[in-house]
1. Please determine whether any residue of the stretch 98-108 is in the same structural domain as Pro257 (by TED's automatic domain parsing), under 29 Å from Val360 (Cβ atoms), assigned to a helix (DSSP H, G or I) and not aliphatic (A, V, I, L, M).
2. Which condition number in (1) in the same structural domain as Gly137 (by TED's automatic domain parsing); (2) out of contact with any His (no Cβ under 8 Å at 6 or more places or on another chain); (3) not aromatic (Phe, Trp, Tyr) is the one that Ser45 fails?
3. Restricting attention to the stretch 211-233, which residues are modelled with pLDDT of 95 or more and of a type in the set (Phe, Trp, Tyr)?
4. Look at Val285 and say whether it is of a type outside the set (Lys, Arg) and without any contact (Cβ under 8 Å) to a residue 40 or more places away in the chain.
5. From the list Gly184, Gly231, which one is under 23 Å from the mean Cα position of the chain (by Cα), crowded, with 16+ Cβ neighbours inside 10 Å and at positive phi?
6. If a residue must be under 15 Å from Ala119 (Cβ atoms) and small (Gly, Ala, Ser), how many such residues does the stretch 228-287 contain?
7. Inspect all residues belonging to the stretch 311-324 and state whether any of them is at pLDDT 95 or above, touching a Cys at 6+ places or on another chain (Cβ under 6 Å) and either in the same structural domain as Asp221 (by TED's automatic domain parsing) or farther than 30 Å from Ala28 by Cα (or both).
8. With farther than 17 Å from Cys354 by Cβ and either surrounded by 11 or more Cβ atoms within 10 Å (Cβ to Cβ) or modelled with pLDDT under 95 (or both) as the only criterion, which of Gly17, Gly38 stands out?
Amino acid sequence: MNKLLKRFKEVTSPVLGRYFPDFEIKSAKGCYLTATDGKKYLDFSSGIATTVVGHCHPKVVAAAVAQVKKLIHICIGVAIYEPYVKLCEELRKIVPIKDAQPFLCQSGSEAVESAIKLAKYTTKKPGIICFKGCFHGRTLGALSLTTSKMKYRDGYEPLLPEVYVLDWDLAEVEETICEHDIAGVIIEPILGEGGYIEAPAKVLKGLRRLCTKYKVLLIFDEVQTCFGHTGNWFASQALEITPDILTMAKGLASGFPLGACVASSEIMKKWSVGSHGGTYGGNPVCCAASIATIEVIKKEKLLKNTQKLGAYLKKKLIGLKGEFPIIKEVRGMGLMLGVDFKDSAVVKKILTYCLKKQLVLISTGADGTVIRFVPALNVHKKQIDTALSIFAEALKHV
């Protein structure tokens, strides 16, 4: 056993799940990870869709280092500081919600918790509708809405009351709204941990119509789709559907812990002062990293790169599907693509083979039957071709 792995097992909780039992790294740069033995790995996991401009992008690093030298922490509840305000200004420019006001927090789960509380508090209604197969987080409230893997819920019942888990059935949604006091409807426009499945546009548009009709808040969980994985800042923009509340995290700050719950000022003004908050939310260093991430995506035109190379990657993966019948489906948008094998054992063999060939891919889906391709937005065509070559080789060895 490697020394680091042995130390890890001695001092950490065994509750931590890992994709690979003995994969150790010491550094990362761009689309590459450097292992403790010096080998370089092409990373198409991006820290689970998080390092959107690559690992340790120099502009993000510079912004974070500069901020560390000035102010690491004070708490927005104690004093106002520039990075917090600047980031909220930048988010207002790119989110699909007009007159948006972000509430900054630390993670995707916390962003969802914030959205649940915002919806309940401002509507004075208790009920939340969510959908089968979605993942919204592992904190207790967010977990109450999570069904992508039912094992996440095992041992934690009872969860949040008045949560209604439905199929993508508009008639059922309307019936539930009419029968119960529903504050909000939450959905992932593209299921992240549920297998990179796109929610049908007809369903999403129908939810917008129903929520408007019955004065229910439509919440889009874009924790995994932000920033830019679909070729737009947010999937909701690609779908041309505007939610009332938007949650984000992961790629928001290139790996620094930061989340956000965004809604219009009309909704936010109903959230009374002090009815929600947090000590670390909107940490100055995290905000500086997020501002730099936004600037890099804009200046390097990474949304266009994602659209172009995402189409290329998807075409190539579909080609492999024709060549290898073990691939059952290729789906997704931009550089957020899933290859479904309908067989978790096959997926594990492929991932293990790819790792040996120094390509990092990870699984998703209820039973881990889907391999996700979610590289950084500034990935190069040559890197995609390398990944495809290793992946094709793995398919031959299954």
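The values are calculated or read from the model by the stated rules, or taken from the named source; none is laboratory data. Keep in mind it's a predicted model, so treat the numbers as computed, not measured. Note: ideal-geometry Cβ built from the backbone for every residue, glycine included; neighbour counts use all protein chains shown.
1. So the first thing to find is which residues in the stretch 98-108 are in the same structural domain as Pro257 (by TED's automatic domain parsing), and the list is 98-108.
Checking the rest, the ones that are also under 29 Å from Val360 (Cβ atoms) come to 105-108.
Subsequent filtering for residues that are assigned to a helix (DSSP H, G or I) retains 108.
Now drop any that are not not aliphatic (A, V, I, L, M), which leaves 108.
Yes; the residues of the stretch 98-108 include at least one that is in the same structural domain as Pro257 (by TED's automatic domain parsing), under 29 Å from Val360 (Cβ atoms), assigned to a helix (DSSP H, G or I) and not aliphatic (A, V, I, L, M).
2. The single condition Ser45 does not satisfy is (1).
3. Tyr214, Phe220, Trp233
4. Values: of a type outside the set (Lys, Arg): yes; without any contact (Cβ under 8 Å) to a residue 40 or more places away in the chain: no.
So Val285 does not fit the description; no.
5. Numbers: Gly184 fails: at positive phi.
Answer to the selection: Gly231.
6. Going through the stretch 228-287 one residue at a time, the tally reaches 4.
7. Checking the stretch 311-324: not a single residue is at pLDDT 95 or above, touching a Cys at 6+ places or on another chain (Cβ under 6 Å) and either in the same structural domain as Asp221 (by TED's automatic domain parsing) or farther than 30 Å from Ala28 by Cα (or both).
8. On the way: Gly38 fails: either surrounded by 11 or more Cβ atoms within 10 Å (Cβ to Cβ) or modelled with pLDDT under 95 (or both).
Answer to the check: Gly17.
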